[in-house]
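Beneath this line is the structure, given in structure tokens, with notes to follow.
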Amino acid sequence: MKTRGWCPDLYTPMAAGDGVLVRVKPEVAGVSAAQLRMLADAVESCGSGRVEITNRGNFQVRGLSGETVPAFAKAMLAAGLASADSAVERRRNILLHVPVEPEMLRIARALEAWVKADESLVALPGKFGFAVGGMGADINVLPGGVVLPGGYATAVEPVTAVQALTRAFLHLAGTDVTRMATLVAAVGAEAVFTEAGLPMQVVQLPDAVPQVGPMAGGFGLGVGFGQLDAAILRDGAGLAERFGDGWLRTTSARSLVVMGTGDNTDAIAIEAEAAGFIIAPDDVRLRIVACAGLPACPQGLVDARAVATRLVPHWAGTGVLHVSACSKGCAVPGGAAVTLVAEGKTYNVVLNGRARDVPAVAGLSLDETVQWMRERRLCQ
Ligand code: SF4
């Protein structure tokens, strides 16, 4: 059943240009090497073998069919990568950011238990989610308090505050409001906190922490445009077993983090790079984002990843370059430093905005686009 603000998940597949896609949501505990191998086996036998990591840290599995989805779901249940209850699976949207602090892990576990058990949450939109240890979700838990998009925060005990803000959302949001940011824009943050019975303050949002390369407690493995295949999933599992504690985490930066690597940094870096992972946090490929585009997305006008690959040697901007195969801008809905939007056979360029915003220039070929950006020191 598709509900308001629906998102594809294991039990709610979505038709795409390259077959059916589903999403697999790791639990707060992370993904073990054995689970990653079971995922690799299943995407190979049931789908195209192609997997993406989403900016919510989920695995998006492509190229399934109506016939293979049930077998894939069965494999994910057997792997412990899904709930047997479709309603629980739909609302189980919790991302624990890395590096993981013990207190953040405790809170994430408590929230996961609550989300699984509280049936009143069935009314939450499928897109609604929680982040712990970082931002990026509808309700975010940081070490200093619970924060909504825009920096509206409370220092009340985190689990209590998250539950109260969720109830406030359910009470205030109309059927057409599926995200907390939309509700805040519509009624104001004060109304949301008042409904929740919580004091409110405005806080400075923290900078994002690099999620590739060595970090406290682990080593981040970047993947170009967040895209993997079964072989590199197995490589990641092997790295976790040889150099870490056998566990990995997915990140909002679409990377995989091998946990518990200790002093193994140099050795894992060599093997990870040889396997095809990105290991340098300043690698330009981590600052280029492309949507699914052709052939995977029927709305795409170009193969966005092929275009992005051509731009890798050129991109010299400090922020994110977003290649969008149509004006919907799925991959970076909040906007990027530069967004190339395919329109017919040409491109529009939006500066510091979203794909739908008014372009700074329109109707350029890809070569002309690079030249236009070169003149603005955005390309080399
Ligand atoms: S931006 Fe357009 S082409 Fe790209 S994934 Fe979204 S709908 Fe498809």
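So what is the relative contact order for the chain, in percent, with contacts set as C-alpha pairs under 8 Å and at least six apart? Here the relative contact order equals 13 percent. Just from its helices, what would the mean residue ellipticity at 222 nm be for the chain, if runs of 4 or more DSSP H residues each count -39500 (n - 2.57) and the sum is divided by every residue, rounded to the nearest 500 deg cm²/dmol? It lands at -9500 deg cm²/dmol. So what is the diffusion coefficient of the range 41-101 in µm² per second by Stokes-Einstein at 20 °C and 1.002 mPa s, using a Kirkwood Rh over Cα pairs? It comes out at roughly 167 µm²/s.
Counted by Cβ distance under 12 Å from Arg242, the other residues give a net charge of -4, where Lys and Arg count +1 and Asp and Glu count -1. Would you mind telling me which residue in Gly334, Gly353, Gly226 has the biggest mean-square fluctuation in a Gaussian network model of the chain, where springs connect alpha carbons within a distance under 10 angstrom? Judging by the Gaussian network model, the answer is Gly334. Summarising the strand pairing of the range 100-202, around 75 percent of its internal DSSP beta bridges are antiparallel.
Taking 14 Å as the straight-line reach from the Cα of Lys127, the aspartates and glutamates in range (excluding those fewer than 8 positions away in the same chain) are Asp9, Glu89, Asp138, Asp176.
Electrostatic tally near Phe169: other residues with Cβ closer than 11 Å to its Cβ, Lys and Arg +1, Asp and Glu -1, net 0. Computed over the range 207-268, the convex hull of the alpha-carbon atoms projects to a mean area of 4.1 nm². Taking all Cα pairs closer than 8 Å and separated by 6 or more residues, the relative contact order of the range 1-118 comes to 26 percent. Expressed in Å, the radius of gyration and Dmax of the Cα atoms of the range 44-162 are 16.0, 49.
Max-minus-min Cα coordinates of the range 286-375 on each principal axis give 33, 25, 25 Å, with the largest extent listed first.
Across the range 100-202, C-alpha contacts under 8 Å between residues 6 or more apart give a mean separation that, scaled by the residue count, equals a relative contact order of 23 percent.
Using the Cα coordinates of the range 83-138, the gyration tensor eigenvalues translate into equivalent-ellipsoid semi-axes of 21, 12, 9 Å, sorted from longest to shortest. With a cut-off of 11 Å between beta carbons, the residues surrounding Gly213 carry a summed charge of -3, where Lys and Arg count +1 and Asp and Glu -1. If you run the Gaussian network model on the chain, springs between alpha carbon atoms under 10 Å, then out of Asp207, Asp263, Asp283 the most flexible one is Asp207.
Among Leu124, Leu77, Leu39, the largest mean-square fluctuation in a Gaussian network model of the chain (Cα springs under 10 Å) belongs to Leu77.
The packing ranking, built from the mean of other Cβ atoms within 10 Å per residue, places the peptides 151-161, 265-275 in the order 151-161, 265-275, highest first. Here the range 100-202 has an Rg and Dmax of 12.5, 37 Å, counting Cα atoms alone. Put one equal scatterer on each alpha carbon of the chain, apply the Debye formula with no solvent term, and list log10 I(q)/I(0) at q = 0.06 1/Å to two decimals. Computed log10 I(q)/I(0) values: -0.23.
Each reported figure results from applying straightforward, stated rules to the coordinates on display, with no laboratory input. Computed from a predicted model, the values in this text were never measured in an experiment. Neighbour counts are summed over all protein chains in view; Cβ atoms, including those assigned to glycine, are modelled from backbone coordinates with ideal geometry.
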